[in-house]
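What follows is a short report on a single structure.
Values in this text are rule-based calculations from the coordinates and carry no lab data. These numbers come from a predicted model, not from an experiment. Heads up, the Cβs are rebuilt from the backbone with ideal geometry, glycines too, and the neighbour counts pull from every protein chain shown.
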Amino acid sequence: MVEIHVYGDLRRYAPESRPDRESVIRLESQPGETVGTVLERLGILPAEVCHVFLNGGLLVTRNGMAPWLDYPQATGSAGGDSGGMDTPVQGGDRLGLFAHDMALLVV
């Protein structure tokens, strides 16, 4: 089982999207699954996602300052390289998906 926590506008993909509840999606893991295939299975376009956390660590961010801050797997735009979307996901993993309306602030 893969646990996906969705935040911001992405909450609409969760079975429970009320703001006073956790918006968690649980998917049975499949062989060869990646972050990108999880998004595809959920019907979430990669362009809708600003930040992806895998097991508590930042995997993907589209924050404009990311390349200068040496964030891991940082991508400056929604297009181009896979930007971490090809990262394998397996049972027991936890993904955190943040929409653009929940973008991380950099000070």
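Give me Arg11, Arg41 sorted ascending by neighbouring Cβ count inside 10 Å, so fewest comes first.
Arranged by neighbour count, lowest to highest, Arg11, Arg41 become Arg41, Arg11.
Once the Cβ-Cβ distance between Asp86 and Asp20 is put in as r, and R0 is 35 Å, what FRET efficiency do you end up with, to the nearest 0.05?
0.50
To the nearest 0.05, how large is the calculated FRET efficiency for Arg12 and His100 if R₀ is 22 Å and r is the Cβ-Cβ distance?
Rounded to the nearest 0.05, the efficiency is 0.95.
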